[in-house]
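Okay, structure first, notes after.
What follows draws every value from the coordinates through simple rules; no lab data is involved. From a predicted model like this one, the values you see are computed outputs, not experimental measurements. Ideal geometry is used to build each Cβ from the backbone, glycine not excepted, and the neighbour counts take in all protein chains shown.
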Amino acid sequence: MKKLILIMTILLCQVAATFALPGYTPFVPDTAGEYVYYRDYSFTHETYIGILNYDDTSYQIRYYTPANRDFAVPEKSIALLFSVAPEAAFFDMTGEKIISDIDPYGDDVDILNYLHDILYEFSARRIKCDELGAQPVFSTQEYEQFGGNVTICFDSLIPLFNIKSIKNNQDGNLAFTCVTYGRIINAQDTSFEDFKGLLPSKPYHAPTVKKVKGKAKKFTTQDGQTITLDSNWEQKMDNLWMFGEEASISIATIPGYFEDNDVNTLFVLRRITESTSGSYTDIENMELSKDPKKYITKVTAHISQPDNNKVVYVIKEITTNPKAELNSYVSIAAYEDNFLEKSSYYTKLLKTFKD
C-alpha cells in the first residue's frame, strides 16, 4: 500500500532553482534532479540512454543494456558525470568523470564516445529549434546515426533537450524514443541509476465484474473541494482515500507557478506525470486529452514498480484555469488487475469530484 500511496504524491517544487542547458531557453524551465530515459534502437540489442541534471553545471549520462541470454548479451551499465559552462552559447563540456567500470579492450570506449556524440548532437539540434513553445515541433533533418533522413519531435513536456522521439523517414520506424522521465528528490534517491526498463503492461479491456456496492458519502477538504465515495473507501488524510490495498484517490489544489498559462500548464503536467521514488511512468504509451473550454487535461498512464514487480494504472486530471487562483488536481491509482476489473467504477467516481 505504501508504494501505491507514493504514486499519488504530488512532488511540486519551488520554481527558484530553474535553469537550462547551454545555448537556449526552454519554454518550460528545467529544475534540479530532472532526468529522461530513451530507448535507443540504433543498437541491435535492447538499450537505454538516460540523462540527469543535478544543477546548471553538473549532469550525468548513462548507457544501460539488460542481459539477454538468447543472444549472449551481458548486462552493462556505463555512466559518465560531466560539467558544462552554463553561460556558453553552445554545449561546452568543462569536465568529466567515468563512474562505472570500463573494459578498455571491449566496446566500452566506443560507447563512451557515442555518449559524447549524443550530448553534442542533441544540444546543436535543440539550439536550432528556437521556435519550440507549447506545441510539439516536428523537424526533418539528416542524422546519420539514426538512418539518415529523420523526423525529430521536440516537445516542451520532455525535460532537458526536449527531444521526445526520432523517427527514420525511410522505414517509418522509431530510432530513438522517450520511455520515461522523472526527478530524483534527494541525494539518496537512486531512481535514475536503478532504471532497467519498464515492466510489460496488459492491454485495456472492458470490465467484466459486477458493480461495486456501498453507501455514498460526500467528502469536503479544507480547500473546499468535494468528492463522493462509497463505504468501500477509507479516508486516510484530508485529501487521500484508500480502497483496501488495491486503489487510492487523492485530490489537491496546486498554486500557479508562472503567469503564462501555457507554461504553467505544461510545468504542472510534467510534475504530475514524472517518475519518482522508484516508480516509472510509461511516457511512450501515456495518453493525454484536453478540454480547452474547461481548462482540463486528463492523463491516463501505466507506472512500473520494479521492486515489487507490479504495474499501476493511473488517471489524473488537472484544471489550470487562468482566472482561478489555484489549480485543481484529482487522481486515482490502482494495481493493474484491479483497475482492469473495475475501470468503469473508478472512472465514475472521478466524475463526482468538484473543485
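Place a +1 charge on the Cβ of each Lys and Arg in region 158-261 and a -1 charge on the Cβ of each Asp and Glu, then give the dipole magnitude about the Cα centre in debye, rounded to the nearest 20. Could you put the intermediate results ahead of the total?
Details: 12 positive and 12 negative charges, 133 e Å.
So the dipole magnitude of region 158-261 works out to roughly 640 debye.
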Between the residues Ala216, Ala301, Gln145, the Cα farthest towards the positive end of the dipole of the chain, that dipole coming from +1 and -1 charges on the beta-carbon of Lys, Arg, Asp and Glu, is from Ala216
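To the nearest 0.05, what FRET efficiency results for Gln170 and Asn68 with a Förster distance of 30 Å applied to their C-beta separation?
Here the calculated transfer efficiency is 0.65.
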How many nm is it between the label spots at Ala206 and Ile102, if each spot is 7 Å from the Cα in line with the beta carbon? 5.8 nm
Please report the Cα spread of the chain along all three principal axes, rounded to whole Å, starting with the longest. 67, 50, 42
To the nearest 10 degrees, how steeply does helix 261-273 sit against the main Cα axis of the chain, on a 0 to 90 scale? 90 degrees
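Mean residue ellipticity at 222 nm from the helices of the chain, using -39,500 (n - 2.57) per DSSP H segment of n ≥ 4 over the full residue count, to the nearest 500 deg cm²/dmol? Display every interim value, and only then the final one.
On the way: 5 runs with 60 residues, N = 355.
Dividing the helical sum by the residues of the chain leaves -5000 deg cm²/dmol.
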Label-point separation (nm) for Glu87 and Val109, each offset 7 Å from Cα along Cα-to-Cβ? 3.7 nm
Among Asn264, Gln225, Tyr313 - extreme Cα towards positive end, dipole of the chain, charges at beta-carbon: Gln225
Against the empirical 2.2 N^0.38 Å scaling, what ratio does the C-alpha Rg of region 216-355 come to? 1.04
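Return the FRET efficiency for the residue pair Ala324, Tyr120: r is the Cβ-Cβ distance, R0 is 45 Å, and the value is rounded to the nearest 0.05. Don't jump to the answer; show the numbers that get you there.
Working: r = 43 Å, r/R0 = 0.96.
So the FRET efficiency works out to roughly 0.55.
Quick check on region 37-82: what are the equivalent-ellipsoid semi-axes from the Cα gyration tensor, as sqrt(5λ), descending, whole Å?
Details: eigenvalues 129, 21, 7 Å².
Taking √(5λ) for each eigenvalue gives 25, 10, 6 Å, largest first.
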With axes computed from alpha carbons, what is the tilt in degrees of helix 336-350 against the longest principal axis of the chain, rounded to the nearest 10 within 0 to 90? 60 degrees
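Can you pull the semi-axes for region 242-289, root of five times each eigenvalue of the Cα gyration tensor, sorted largest first, whole Å? The partial results should precede the final answer.
Values: eigenvalues 115, 51, 21 Å².
In descending order the semi-axes read 24, 16, 10 Å.
Please report, in debye to the nearest 20, how large the charge dipole of region 114-155 is about its Cα centre when each Lys and Arg carries +1 at its beta carbon and each Asp and Glu carries -1 there. Walk me through the numbers on the way to the answer.
Numbers: 3 positive and 7 negative charges, 13 e Å.
The dipole of region 114-155 has a size of about 60 debye.
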Where labels lie 7 Å past Cα in the beta-carbon direction, separation of Lys294 and Glu234 in nm: 3.2 nm
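Translational D (Stokes-Einstein, µm²/s) of region 130-205 at 25 °C and 0.890 mPa s when Rh comes from the Kirkwood sum over C-alpha pairs?
On the way: Rh = 14.7 Å.
Rounded, D is 167 µm²/s.
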Along each of the three principal axes of the Cα atoms of region 41-191, give the extent in whole Å, ordering the values from largest to smallest. 42, 39, 27
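Go through Lys236/Lys354; Lys213/Lys290; Lys167/Lys316 and tell me which ones have a Cα-Cα distance over 27 Å in this structure. It would help to have the intermediate numbers written out before the result.
Numbers: Lys236/Lys354 19 Å; Lys213/Lys290 31 Å; Lys167/Lys316 29 Å.
Correct reply: Lys213/Lys290; Lys167/Lys316.
Give, as a single signed number, the net charge of other residues whose beta carbon lies under 9 Å from the beta carbon of Phe19, with Lys and Arg counted +1 and Asp and Glu -1. The partial results should precede the final answer.
Details: positive: none; negative: Asp30, Asp55, Asp56.
With Lys, Arg at +1 and Asp, Glu at -1, the net is -3.
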Under 10 Å, Cα contacts only: if you run a Gaussian network model on the chain, which one of Asn264, Asn149, Asn321 comes out with the highest mean-square fluctuation? Asn149
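Quote to one decimal, in nm, the extra length available between Asn186 and Glu75 on full extension: 0.36 nm per residue of separation minus the C-alpha distance between them. Could you put the intermediate results ahead of the total?
Working: separation 111, 0.36 × 111 = 39.96 nm, distance 2.68 nm.
The span from Asn186 to Glu75 would gain 37.3 nm if fully extended.
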